[in-house]
Structures are given as C-alpha cells and as structure tokens.
Amino acid sequence: RKEVEQDPGPFNVPEGATVAFNCTYSNSASQSFFWYRQDCRKEPKLLMSVYSSGNEDGRFTAQLNRASQYISLLIRDSKLSDSATYLCVVNQAGTALIFGKGTTLSVSS
Amino acid sequence: DAGVIQSPRHEVTEMGQEVTLRCKPISGHDYLFWYRQTMMRGLELLIYFNNNVPIDDSGMPEDRFSAKMPNASFSTLKIQPSEPRDSAVYFCASSFTRLATNYGYTFGSGTRLTVV
C-alpha cells in the first residue's frame, strides 16, 4: 500500500465550479500535512498547511480527519489559473515529507 | 533571498557517464533534501541532510548514487555511471525543520536529466 494515495484525475471543471480532492495516508503516526501545487514543468510550491481543525485560505479549504487518515482540499469558484497538479503531502516521525503522486485539475472557460 | 538554486537546469548525457547535480539551499535552512520525480513514481525522497550531515539515505536507489554536503551552502548529487532509467527531474529542497510545520519545504527549479 502506498504511503499517500490520491486519485490522479484529471478533474476537468468549468470556471466557477467547486471541486474537491481527497487523499489518504497509511501511517497513523503522520504529524504534519500539506497541500502543494505543481504547475507543468515547475517545482512544487506550498499551497497550504492542513490543521486538525480544518483551515481556509481564500477560495481554498483543507480538512484533516486523523481517525480516517484522510485529507481533503476544496476549491471554490475555480479560476483558469487553478489548473495544476495538487500534491497531498504528509510527514511522520523520523522521515522527510512524503508526497502523493498528485491530482491533476484542468479548469476551462 | 534567491531561493533554492539548482544547476544545471537541463542535462543530457550518455549512458555510463558521470553526472553531478548541484544545489544551494536557502541561507539559514538546516535541512536539505534531494527528491526525484518521474511520471511513474511521482516525487521520491532520495536523501536528506541536517546541518550538513546525511540523516536518511534509504531512498538512494543504489550505489551508483552518492550525495554530499561539504558546507551549509552547497550540496551535490552524483550518479556514476548513469543509466537511461535515471532519467527524471531531480529536485533539491531546503527547510528550517524536518517536520516543516507551517512552512513546508522550499524547492529549487529542478534539474531535468536525460540519459541516452
């Protein structure tokens, strides 16, 4: 079983749509959680950290369910510029960040 | 700060040749990480350093790969001899902490390696 699993997509949505991505992780000892964004042929960049109580940053909302070992990212009012690959990332004791393979989002006009 | 700087951006080499990738982390970051990204396997951790000391190299695929960090501002990843299956994008990242709580890691632009 992979340590971090994501649906690769692609998710094809129109501008203005709401889209949600999910991610599961295998190690219950994971301590910190993130969503990264990666544009085509670019480096991954931190989108937002994910906190146990859930957190929001503008149009983006992240949720964490430790009991189910599940992380989600909700994007409201999608923009063309949101088109990218979204990487679910976890960190557990004794290791560095572990990345999922990503979910590809394509927003069209 | 200029961010994490990697060189070269692109490298094309013949099978059997030695390849050296370079990374300059963000000043003040104590942790440096080398990752490799392929379509099949995604982003994989190869090795990471803390205060210039290698901490976990379990992700290094085989003895052909080696990494060094002679000082706080420079690291190299060497592949000798290179093989076509080493073709990938190699990213270097740095951070204040391993857990990266709140801040995550900052990645360089990557080196796109093609071994023919």
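The values are calculated or read from the model by the stated rules, or taken from the named source; none is laboratory data. All values reported here derive from a predicted model rather than from experimental measurement. Positions of Cβ are generated from backbone atoms using ideal geometry, with glycine treated the same way; all protein chains shown enter the neighbour counts.
For the stretch A:57-99, what are the residues that are within 14 Å of chain B (Cβ to nearest Cβ), of a type outside the set (A, V, I, L, M, F, W, C) and over 29 Å from B:P54 (Cβ atoms)?
Residues satisfying the conditions are A:D57, A:T85, A:Y86.
Quick one: which of B:S75, B:S87 is small (G, A, S) and more than 12 Å from the chain's Cα centre (by Cα)?
B:S87
For the stretch B:24-50, which positions are touching a strand residue (DSSP E or B) at 6+ places or on another chain (Cβ under 8 Å) and aliphatic (A, V, I, L, M)? Steps first, please.
Taking the stretch B:24-50 as the starting set, the residues that turn out to be touching a strand residue (DSSP E or B) at 6+ places or on another chain (Cβ under 8 Å) are B:24-26, B:29-38, B:42-50.
Matches in the stretch B:24-50: B:I26, B:L32, B:L43, B:L45, B:L46, B:I47.
Just to be sure before I move on: is B:T106 over 26 Å from A:S32 (Cα atoms) and among the β-branched types (V, I, T) in the structure I sent?
no
Give A:S32, A:S72 a once-over and let me know the one that is assigned to a strand (DSSP E or B), over 24 Å from B:T38 (Cβ atoms), at pLDDT 95 or above and within 15 Å of the chain's Cα centre (by Cα).
Details: A:S32 fails: at pLDDT 95 or above.
Answer to the check: A:S72.
Mind telling me which of the residues A:G16, A:G54, A:G102 ends up being in contact with a Ser or Thr (Cβ under 9 Å, 6 or more places away or on another chain) and facing chain B (nearest Cβ under 9 Å)?
Criteria check complete, one pass: A:G102.
Considering only the stretch B:22-45, I want to know if a residue exists there that is in contact with a Ser or Thr (Cβ under 8 Å, 6 or more places away or on another chain), more than 14 Å from chain A (Cβ to nearest Cβ), within 28 Å of A:D39 (Cβ to Cβ) and loosely packed, with under 15 Cβ neighbours inside 10 Å.
Yes.
Name the single residue, out of those in the stretch B:3-20 being among the aliphatic types (A, V, I, L, M) and within 14 Å of chain A (Cβ to nearest Cβ), that is surrounded by the most Cβ atoms within 10 Å (Cβ to Cβ).
Kept after step one, since they are among the aliphatic types (A, V, I, L, M), are these residues of the stretch B:3-20: B:4-5, B:12, B:15, B:19.
Narrowing further to those that are within 14 Å of chain A (Cβ to nearest Cβ): B:4-5.
Working: B:V4: 24, B:I5: 15.
Within the stretch B:3-20, the match that is surrounded by the most Cβ atoms within 10 Å (Cβ to Cβ) is B:V4.
Can you name every residue in the stretch A:43-65 that is in contact (Cβ under 8 Å) with a residue 24 or more places away in the chain and not in a strand (DSSP E or B)?
Listed by number, the list holds a single entry, A:P44.
Mind checking which pairs have a first residue in the stretch B:43-68 that is basic (K, R) and a second that is surrounded by fewer than 17 Cβ atoms within 10 Å (Cβ to Cβ) and in a strand (DSSP E or B), Cβ under 6 Å, 6 or more apart or different chains?
These pairs meet every condition: B:K68/B:T76.
Can you find a residue in the stretch B:54-65 that is farther than 24 Å from A:V4 by Cβ, buried (at least 21 other Cβ atoms within 10 Å of the Cβ) and more than 14 Å from chain A (Cβ to nearest Cβ)?
Within the stretch B:54-65 (the criterion being farther than 24 Å from A:V4 by Cβ, buried (at least 21 other Cβ atoms within 10 Å of the Cβ) and more than 14 Å from chain A (Cβ to nearest Cβ)), the answer is no, since none of the residues qualifies.
(1) touching a Leu at 6+ places or on another chain (Cβ under 6 Å); (2) closer than 25 Å to A:T103 by Cβ; (3) not polar (S, T, N, Q): which one isn't true of B:F33, the others all being true?
Result: B:F33 fails condition (1) only.
Just checking, how many residues over the stretch A:1-42 are among the aliphatic types (A, V, I, L, M) and free of Cβ contacts under 8 Å to residues at least 60 places away in the same chain? Don't jump to the end; show me each part of the working.
So the first thing to find is which residues in the stretch A:1-42 are among the aliphatic types (A, V, I, L, M), and the list is A:4, A:13, A:17, A:19-20, A:29.
Checking which are free of Cβ contacts under 8 Å to residues at least 60 places away in the same chain leaves us with A:20.
Residues in the stretch A:1-42 being among the aliphatic types (A, V, I, L, M) and free of Cβ contacts under 8 Å to residues at least 60 places away in the same chain: 1 in total.
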